[in-house]
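Notes follow once the structure below has been shown.
The values are calculated or read from the model by the stated rules, or taken from the named source; none is laboratory data. Every value quoted in this text rests on a predicted model; they were computed, and no experiment measured them. Cβ placement follows ideal geometry from the backbone for every residue including glycine, while neighbour counts extend to all protein chains displayed. Ligands, DNA and RNA are stripped out before the accessible areas are found, and what is left, the full protein with its side chains, is counted by its heavy atoms. Shrake-Rupley method; radii C 1.70, N 1.55, O 1.52, S 1.80 Å.
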Amino acid sequence: MRKLKQLFLTAILSAIIQPINVSSATTKNKVDIRILMPAPFADSTAKIIDRFNRHHKNQIEVTVTRGPLETESVSDLAISSLLLGDNPYDILLIDVTWLPKYAEAGWLFNMDKMIDNSEWELLIKGARLGNKYKGTLYRWPLVADIGLLYWRKDLMKIPPTTPNELFNISKRLQKENKVKYGYVWQGKQYEGLSCVFLEVLSAFGGEWITENGEVKLNSPNSLKATRWLQSLIKSGISPKAITSFAESEALQSFKAGQSAFMRNWPYAWSELQKDSSAVKGNVGVTVMVSDPKYSSTSTLGSWGFSILNRSANKNESMQVISYLTSESSQKLLFKEFGYTPTRKKLFSDPILLKQNPILTNLKKGLEITKPRPQIPLYAQVSDILQRELSTVLTQKHDIKDSMNRATYKTRRILNSYGID
Amino acid sequence: MSLILVLPAIILVILVFVFPLIRYAWLSFHAVSVSTGLVMVPNFGANWSRLIEDQRFWQDLMQTTRFTAFSVTLEIILAIAIALLLDQRWNGRGIIRAITILPWALPTTIMALGWRWIFNTPYGPIEQLTQLFGIEYLNLLSIPKYTWITTVIADVWKTTPFVALIILAGLQSIPNDLYEAFRLEGGNSLQALKKITLPLIQPYILIALLFRVAQAFGVFDLIQVMTGGGPATSTESLALYSYLNAMRFLDFGYSATIMLASFLLLMIISITSYILLKRLRLLTVK
């Protein structure tokens with residue numbers, strides 16, 4: 001029966017997946033390395049993979065599986081394949097929030113012995129986060145993504161640094177009819193809302209889950225953060241529809257010149273420089289605002305390569321990963337696709353700096369970036385937060401009640417894990 | 001001999017229906033999650049007691065039932081009207097029949113994405129219309145009280161053709177002589193509809209109802225793409241909740257419990273409504 005199930009699932013999987021390069025392993029000693037990546041990554045790394053395959057003719061042949069576009073759908077695909085038992089991939093490109101879950105399930109290979117400490121030292125601070133679980137290295141970063149605050153250079157001289165300033169500038173610009181909205185962000189009930197909230201939380205000195213597992217969602221500071229987010233909608237600074245906005249909706253609004261500020265990832269920068277953008281040349285980038293008493297944070301959203309435990313070719317896999325994350329690969333990915341580099345050195349590269357001035361801001365962001373709670377049950381915990389936040393933002397529910405509930409439920413989830 | 005002849009069918013049913021159900025039932029009495037290292041550990045009904053206390057399950061059940069009731073009712077009413085229209089003889093009927101089927105032929109994910117943009121604030125055509133009339137934005141995808149209605153509209157748009165197709169088949173099975181005889185006896189069209197058409201297509205409506213209720217109760221892709229279950233979890237269906245538990249939370253034991261519970265509840269709903277319809281003599285088919 002199990003065989004049958006596997007056969008069935010394999011058939012489905014192979015129907016969904018379309019490999020970019022159909023490998024033609026003819027030579028006996030040639031090693032096949034298969035990688036699963038979300039579609040955008042598969043497209044952007046295609047050139048580098050080609051080059052690798054040419055350089056390693058008759059030795060290693062890399063095949064990339066072009067996964068779905070949406071982050072969580074890639075995880076679904078990866079998980080289905082991992083549950084099959086008969087594993088079709090050697091390497092997975094994984095999101096920072098999946099790592100603890102995958103590691104705990106025993107799917108990821110311990111990379112500690114494969115990577116020299118000197119290599120580790122070459123990474124910029126923010127890029128080092130989110131690769132280890134319980135002190136073991138399971139992932140090597142490809143791109144360091146962080147949350148940024150985009151602002152309009154034509155509407156103000158300097159960007160705001162505190163939540164109050166952002167609020168007041170927005171109000172003033174709206175009153176002067178310069179923009180329809182002050183600030184657009186990701187308010188839909190999904191992972192993006194957790195990312196936004198983590199930044200606001202830090203801005204007011206609040207915390208989600210502390211290092212020693214305490215849930216602080218209903219602390220006075222956390223309540224203040226939630227209230228601020230709610231006030232953005234109440235005061236009309238953010239549109240009511242913000243509670244259905246994901247990244248693309250926010251980008252569209254900002255790109256059309258409707259809004260003075262936007263919270264988004266680095267990818268938005270190149271979109272805003274296109275000719276179709278109404279704000280081309282008028283966009284500045286900075287880190288998230290924060291109360292002067294506390295430090296600003298940007299949420300870490302990085303992607304990296306993990307080797308699967310079931311892979312038969314771990315050394316060759318590591319070779320591929322090193323190549324894909326090498327200095328020259330990172331330069332190419334930054335130049336052509338705006339992927340934030342992970343190596344310290346590249347942030348002071350004069351050619352790159354000249355080409356793309358936001359590199360300085362990215363560096364700043366990577367110095368203050370924070371990962372979301374690194375626990376195997378992160379998906380549950382984030383789901384609880386998203387639900388309660390969405391309730392507060394859409395229904396004028398009592399903030400204290402909602403955050404108390406979120407705290408209680410999160411504690412219960414964490415406890416259930418501790419007991420088991 | 002007869003047993004041998006039905007054996008292939010029985011094996012098939014066991015394979016695709018009975019086996020998964022037993023497997024789900026078995027799973028629902030075990031903890032299988034990240035916490036257990038994905039190993040099955042018996043937990044003696046803990047999943048079930050958790051389900052009974054799980055407010056989210058009951059909220060999702062109410063939402064799924066509401067979604068099913070409204071979309072299936074609307075679909076049946078509209079489909080009868082459309083089928084009656086398509087059953088008439090008029091020029092260009094063939095083309096219109098083909099066009100009517102189109103929404104059903106479209107992949108759900110694609111049409112759900114389309115509807116998401118139709119209801120989008122501020123860029124969707126609906127909001128553009130409200131702007132034209134100077135009304136404030138409706139924010140249909142952001143208000144928990146109303147968002148579920150948009151999913152019903154999308155579902156009705158998508159599956160009415162399917163129901164209409166079944167009912168149209170029913171209409172075509174009614175011999176024309178019946179209507180002619182009825183007219184000779186002095187009956188008018190409205191009476192014909194009530195006395196001949198509706199009673200005779202009843203078995204077809206019932207089949208459509210059966211298909212649609214089961215399908216709508218298990219709605220997943222439409223909701224996942226259109227709203228992702230939000231805002232404030234107001235549109236989350238049981239299937240979506242079960243999926244979240246399996247694929248996101250890696251909690252397979254609880255996911256199986258949700259799925260099995262919704263299957264059992266669907267059975268109960270179907271059987272009671274069948275008995276109820278019989279009692280009320282609304283149902284004449286055996």
Report task. Mind listing whichever residues of segment A:103-117 are surrounded by 18 or more Cβ atoms within 10 Å (Cβ to Cβ) and closer than 15 Å to residue A:141 by Cβ? Result -> A:108, A:111, A:114
Query raised in the report: Quick check, is residue B:259 free of Cβ contacts under 8 Å to residues at least 40 places away in the same chain, part of a helix (DSSP H, G or I) and open to solvent by 10 Å² or more (accessible area, probe 1.4 Å)?
Result: no
Report summary line: Per the filter on segment B:227-258, residues more than 10 Å from chain A (Cβ to nearest Cβ) and of a type in the set (A, V, I, L, M) are B:238, B:239, B:240, B:256, B:258
Query raised in the report: Checking residue A:322 against (1) more than 20 Å from the chain's Cα centre (by Cα); (2) farther than 30 Å from residue A:168 by Cβ; (3) at pLDDT below 95, which single condition isn't satisfied?
Result: (3)
Report task. For residue B:142, work out the one condition from (1) within 14 Å of chain A (Cβ to nearest Cβ); (2) in contact (Cβ under 8 Å) with a residue 40 or more places away in the chain; (3) within 21 Å of the chain's Cα centre (by Cα) it doesn't fulfil. Result -> (3)
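Yes/no matrix, rows are residues, columns are (1) in contact with a Gly (Cβ under 9 Å, 6 or more places away or on another chain); (2) crowded, with 17+ Cβ neighbours inside 10 Å:
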| site | (1), (2) |
| --- | --- |
| B:25 | no, no |
| B:37 | yes, no |
| B:53 | no, no |
| B:58 | no, no |
| B:61 | no, yes |
Query raised in the report: Out of the residues in segment A:227-262 that are more than 14 Å from chain B (Cβ to nearest Cβ) and polar (S, T, N, Q), which is nearest to residue A:413 (Cα to Cα)?
Result: A:231
Query raised in the report: What about residue A:283, is it β-branched (Val, Ile, Thr) and open to solvent by less than 10 Å² (accessible area, probe 1.4 Å)?
Result: yes
Query raised in the report: Of the residues that sit in segment A:346-383 and are open to solvent by 20 Å² or more (accessible area, probe 1.4 Å) and among the aliphatic types (A, V, I, L, M), which one is farthest from the other protein chains (Cβ to nearest Cβ)?
Result: A:351
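Residue-by-condition table, conditions (1) touching a residue at least 60 places away in the same chain (Cβ under 8 Å); (2) farther than 18 Å from residue A:338 by Cα; (3) of a type in the set (Val, Ile, Thr); (4) in contact with a strand residue (DSSP E or B) (Cβ under 9 Å, 6 or more places away or on another chain):
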| site | (1), (2), (3), (4) |
| --- | --- |
| A:243 | yes, yes, yes, no |
| A:246 | yes, yes, no, no |
| A:250 | yes, yes, no, yes |
| A:259 | yes, yes, no, yes |
| A:269 | yes, no, no, yes |
| A:279 | yes, yes, yes, yes |
| A:283 | yes, no, yes, yes |
| A:291 | yes, yes, no, no |
| A:295 | yes, yes, no, no |
Query raised in the report: Any idea which of A:120, A:98 is of a type in the set (Phe, Trp, Tyr) and surrounded by fewer than 16 Cβ atoms within 10 Å (Cβ to Cβ)?
Result: A:120
Query raised in the report: In this structure, does residue A:393 turn out to be within 14 Å of another protein chain (Cβ to nearest Cβ) and either of a type in the set (Gly, Ala, Ser) or out of contact with any Lys or Arg (no Cβ under 9 Å at 6 or more places or on another chain) (or both)?
Result: yes
Query raised in the report: Which one of the conditions (1) away from every other protein chain (no Cβ under 14 Å); (2) more than 20 Å from residue A:130 (Cα to Cα) does residue A:188 fail to meet, given that it meets all the rest?
Result: (1)
Report task. Would you be able to say whether some residue in segment B:208-216 is surrounded by 20 or more Cβ atoms within 10 Å (Cβ to Cβ) and either touching a Cys at 6+ places or on another chain (Cβ under 9 Å) or of a type in the set (Ser, Thr, Tyr) (or both)? Result -> no
Query raised in the report: So which residues in segment A:67-87 are among the polar types (S, T, N, Q), open to solvent by 20 Å² or more (accessible area, probe 1.4 Å) and either without any contact (Cβ under 8 Å) to a residue 40 or more places away in the chain or more than 9 Å from every other protein chain (Cβ to nearest Cβ) (or both), if there are any at all?
Result: A:71, A:73, A:87
Query raised in the report: Of all residues in segment A:288-325, how many are buried (at least 23 other Cβ atoms within 10 Å of the Cβ), touching a Lys or Arg at 6+ places or on another chain (Cβ under 6 Å) and in a loop (DSSP other than H, G, I, E, B)?
Result: 0
**Report entry** Single condition residue A:107 does not satisfy, out of (1) at positive phi; (2) in contact with a Leu (Cβ under 6 Å, 6 or more places away or on another chain); (3) of a type outside the set (Lys, Arg)
**Finding:** (1)
**Report entry** Members of segment B:10-23 found to be open to solvent by less than 80 Å² (accessible area, probe 1.4 Å), within 11 Å of chain A (Cβ to nearest Cβ) and of a type in the set (A, V, I, L, M), listed by number
**Finding:** B:15
Report task. Output the residues belonging to segment B:173-196 that are farther than 20 Å from residue B:162 by Cβ and among the hydroxyl-bearing types (Ser, Thr, Tyr). Result -> B:179, B:189
